[in-house]
1. Hey, among Arg106, Arg113, which residue is open to solvent by less than 80 Å² (accessible area, probe 1.4 Å), without any contact (Cβ under 8 Å) to a residue 60 or more places away in the chain and basic (Lys, Arg)?
2. Can you work out which of the residues in the stretch 198-233 that are of a type in the set (Phe, Trp, Tyr) and under 16 Å from the mean Cα position of the chain (by Cα) is farthest from Lys36 (Cα to Cα)?
3. When you go through (1) among the small types (Gly, Ala, Ser); (2) modelled with pLDDT under 90; (3) assigned to a helix (DSSP H, G or I) one by one for Ala84, which number turns out not to apply?
4. For the stretch 214-226, check the following and say yes or no: at least one residue is more than 25 Å from Lys159 (Cβ to Cβ) and among the acidic types (Asp, Glu).
5. For the stretch 22-42, state whether one or more residues are open to solvent by 60 Å² or more (accessible area, probe 1.4 Å), at pLDDT 85 or above, touching a strand residue (DSSP E or B) at 6+ places or on another chain (Cβ under 6 Å) and over 17 Å from Ser82 (Cβ atoms).
6. Conditions first: (1) in contact (Cβ under 8 Å) with a residue 60 or more places away in the chain; (2) touching a Ser or Thr at 6+ places or on another chain (Cβ under 6 Å); (3) assigned to a helix (DSSP H, G or I). His175 passes all but one, so which condition is the exception?
7. Among the residues in the stretch 51-65, are any closer than 30 Å to Asp164 by Cα, of a type outside the set (Gly, Ala, Ser) and either in contact (Cβ under 8 Å) with a residue 24 or more places away in the chain or exposed (fewer than 13 other Cβ atoms within 10 Å of the Cβ) (or both)?
8. Taking the condition open to solvent by 60 Å² or more (accessible area, probe 1.4 Å), among the acidic types (Asp, Glu), farther than 17 Å from Asp170 by Cα and at pLDDT 95 or above, does Glu96 pass?
Amino acid sequence: MGSSHPTFLKIMAEPRITFAYWNVQGIGEPLIRLLKYLGLNFELKEYKHAQREEWEADKAALNFPFPNLPYLKVGDKVVCESEAIAYFLAFHAKREDLFGSTNEERIQATVIRGVLSDVTMDTAIFFLNPANHSEQAKYFEEKFSPRFAKLDAYAAGKKHIVGDNINLVDFPFHHILTLIRKVDPAFLEKFPNLVKILDNFENVPQIKAYLETDEAKNKGILPPYIDFKFKSA
């Protein structure tokens, strides 16, 4: 005899969610934190860089026009590309407020996303070129300081990067600034408003609970082909 308990029926009605990425943080980590924040149950599928053949086999079977990592499967629906996945999850969880509470917030979130894209590119260039590692202080001063000074001024008086409420852009924003802080803990301290934004994000109950897990603490940060030693674990 089947159960008619409301919780059982709710579980049976919910499509299975699978999120897949490499077995490092990378661009997948902000999306895992978004999934945790939204309280969505999901299966995490991690591919190893040393065993790319598994990904290549799954890639061919995804039945998506642009198969890539990360990817999200919700029932029979497949979504690739980080920003598209974030949008899909917000719609799936009926959390359109994560795009912004007002039109102005939505516009500002798009602006921050553009700035963040530049920061992310400069961060990738830093890690991928070993010559930058020995010149880290100079690289950060030239590439990050001017932009971070502007971001710090913009963040003054804000709880999160766009306003009082969490926005989708907070997730990649937190991740990239945390990565930079791991490279040079003292560097980010020069921008107290950004530090406050990071602290506020990390104290959101769902985020705090996840960051305290072994899963979050022990996951590798960079892919194996990048040889870099962090000052702070």
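1. Arg113
2. Phe201
3. Going through the list (1) among the small types (Gly, Ala, Ser); (2) modelled with pLDDT under 90; (3) assigned to a helix (DSSP H, G or I), Ala84 breaks only (2).
4. There is at least one residue in the stretch 214-226 that is more than 25 Å from Lys159 (Cβ to Cβ) and among the acidic types (Asp, Glu).
5. So far as the stretch 22-42 goes, no, none of its residues is open to solvent by 60 Å² or more (accessible area, probe 1.4 Å), at pLDDT 85 or above, touching a strand residue (DSSP E or B) at 6+ places or on another chain (Cβ under 6 Å) and over 17 Å from Ser82 (Cβ atoms).
6. Looking at each condition in turn, His175 falls short on (2).
7. Looking only at the stretch 51-65, we keep the residues that are closer than 30 Å to Asp164 by Cα, and these are none.
Taking every residue of the stretch 51-65 in turn, none turns out to be closer than 30 Å to Asp164 by Cα, of a type outside the set (Gly, Ala, Ser) and either in contact (Cβ under 8 Å) with a residue 24 or more places away in the chain or exposed (fewer than 13 other Cβ atoms within 10 Å of the Cβ) (or both).
8. Criteria not met by Glu96.
The values are calculated or read from the model by the stated rules, or taken from the named source; none is laboratory data. The structure displayed is predicted, hence computed values, not measured ones. All Cβ positions, glycine included, derive from the backbone under ideal geometry; neighbour counts span all protein chains shown. Side chains are part of the model used for accessible areas, which takes the heavy atoms of the whole protein and leaves out ligands, DNA and RNA. Shrake-Rupley method; radii C 1.70, N 1.55, O 1.52, S 1.80 Å.
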